[in-house]
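Since the structure comes first, as structure tokens, the remarks are kept for the end.
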Amino acid sequence: MTSRKAGESAPKGQRSVLRRIVETLVIVAIAVGLDVLLVYALYPYGSTSEVVWSEYFSAADKSIDTVIVGSSTAQRAIDPNVLDDTLGTSTFTLATPAQPLEDSYLAVREALSGHKVRRVILGLDYETMSLGTWDKANVTYVQTKAAYESLPKAVGDYVGLLTSSGYLTSSKFLEVLFPWTLAHEKGGIQGVANNLRMRLDGTTPIEAAGAREPGWTYVGKGYGNYDYLLDTSNAKASMSTTSHAIADFTDENMGMLQRIADVCHENGAQLVVVVTPRPAFNVLCYGDAYPEQMARMRDLVQTAGGVFLDANLLKRSCYAPTDEDFADGEHLNATGAEGFSATLADYLGRLDADEDVSELSYSYEDWASYLASVDYISAVTLDGSVKDGVASLEATPYCGTNVHVEYQFCLCDADGNVTGVLRDWSNDATATCEVPADGSLSVRVNARRAGLGVEPERSCVWSL
């Protein structure tokens, strides 16, 4: 074997290989740098995930014995500050909008390892268990967490994301590499400029979130909420079944719930699964699927040694939310969350005192008793169809089995003002009306409990 003398250049073939390696590394470095810049400029600053994780890691030296996880229904239903004032605990919420169970599992593991929490409250709803993962929420949650932790933990989180969600074996891998393609600043150049300004001028994630979300107020310990109010006259749009078909809980979600229960058990933490409150109409719209599917989840949780509470089945002597407590069909507003959190704190306090809480709720096995307990009209909807110039209308009330409903059908103008009575009060939920020559028609149905002789309790407008 011969060796090169000092000063001699490498053979042409070796130089070519080395050059290609260097060129490749340079290209990769440029691509990574460009990606980082695009994330910095386009990735929205001040998301709920960023508020939660930035606040959580800034509290690394503080005691946290209870953690709340779950989607927006948990995020906006449970105020950790109310729990702590009542129970003397130290609670933090890591719940975020559209949080899939695999991200809840990630958050639970973080809290168990970082703070040795003794109680995990998982707030969820029907959709948490019946729908698949929303990539945008999934990537955002992991990406934001990784930005505030050590490099080894960040790498571990990304590996978990890539392997558990199928990103590694599909084109979704690019969503992890280029997160700004999933979540990006809107509003054109001005929007990007505002995003950069908030990143550069010292605006905190909480302040940025407040600027992005009018009506949202940060309270503390990861929790913030809105002051919106539910519009029951638009109940159909607020029903979860309007956006999502009624479906069974998926095996994937049930499996992930089991993993959360298992990791809590292994670490000596109590798991409390809470089905968060919603207006009665958004429970009744599921029909028999609601008790059938929820019972499956309850059985899994209780078999694993956890606590299960469906807040929608709490007896009204224990918890009776009003319309003013809800922001929409799925979420409590700030006032509602304060009230429910006080109820939840009382419930947990009774559990801690080894009291029997079984009589505070109805059961899925005695669903008829729950249905009978809804002794009011939660909402009414109105559907219509047109054939041969005649509109056929049918009202649907959302109320308990013992409620008898009367209906009044009225004609309205474009602004919703009543211009005449189409048919006065009766127990007939249907009506017909000729469509005017101009093709415009608005009909309002009023609903009330029969025999009470009161003003309409609920109403809805149908228009062409």
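The values are calculated or read from the model by the stated rules, or taken from the named source; none is laboratory data. Keep in mind that what you see is a predicted model, and the values were worked out from it rather than measured. Glycine also receives a Cβ, built like all others from the backbone with ideal geometry; neighbour counts cover every protein chain displayed. Areas reflect the complete protein model, heavy atoms only, side chains present, ligands, DNA and RNA absent. Shrake-Rupley method; radii C 1.70, N 1.55, O 1.52, S 1.80 Å.
The table below gives the values:
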| quantity | calculated |
| --- | --- |
| Added length on full extension, which subtracts the Cα-Cα distance from 0.36 nm per residue, residue 401 to residue 342 | 18.3 nm |
| Hydrodynamic radius (Kirkwood) for the range 396-445, which is based on Cα pairs only, to one decimal in Å | 12.2 |
| Förster radius 30 Å - calculated FRET efficiency between residue 62 and residue 376, Cβ distance, rounded to 0.05 | 0.10 |
| Tilt relative to the chain, helix 101-115 - C-alpha long axis, 0 to 90 degrees, to 10 | 60 |
| Exposure of residue 460 as accessible area (Å², to 10), given a probe of 1.4 Å and all protein chains | 20 |
| List 434, 355, ordered by accessible area with a 1.4 Å probe, largest first | 434, 355 |
| Values of log10 I(q)/I(0), in the order q = 0.15, 0.20 Å⁻¹, for the range 347-440 under a Debye, Cα-only, solvent-free model | -0.74, -1.05 |
| Rounded percent of accessible protein surface that carbon and sulfur make up, the chain, 1.4 Å probe | 53 |
| Cut-off 12 Å between beta-carbons: net charge of the residues surrounding residue 341, Lys and Arg +1, Asp and Glu -1 | -4 |
| Charge dipole magnitude, Cβ of K and R +1, D and E -1 - the chain, Cα centre, debye nearest 20 | 2540 |
| Partners for residue 62 among lysines (Cα-Cα distance below 21 Å; same-chain residues under 8 apart left out) | 116, 145, 153, 221 |
| Heavy atoms of residue 201 accessible to a 1.4 Å probe, total area in Å² rounded to 10 | 80 |
| Mean-position separation - Cα centroids, the range 307-364 and the range 215-229, in angstrom | 19 |
| Ranking by accessible area, most exposed first, for 243, 47 with a 1.4 Å probe | 243, 47 |
| Three-way shape call for the range 155-249 based on the alpha-carbon gyration tensor, with the a/c threshold at 1.5 | oblate |
| Cα shape, the range 197-310, gyration tensor, a/c 1.5 rule | oblate |
| Helical contribution to [θ] at 222 nm, DSSP H n ≥ 4, -39,500 (n - 2.57), averaged over the chain, rounded to 500 | -12500 deg cm²/dmol |
| Cα-based shape type of the range 145-198, given that a ≥ b ≥ c are square roots of the gyration tensor eigenvalues and the cut on a/c is 1.5 | oblate |
| Bins of 20 Å from zero: percent of alpha-carbon pairs in the chain | 21, 46, 25, 6, 2, 0 |
| Per residue convex hull volume, Cα atoms of the range 99-147, in Å³ | 67 |
| Average accessible area per residue (Å²) across the chain - probe 1.4 Å, nucleic acids and ligands excluded | 48 |
| Proximal charge balance of residue 461 [Cβ under 13 Å; K/R count +1, D/E count -1] | -1 |
| The range 63-155, relative contact order in percent, only Cα pairs under 8 angstrom and at least six apart counted | 35 |
| Cβ-based net charge around residue 153, under 11 Å, with every Lys or Arg adding one and every Asp or Glu removing one | -1 |
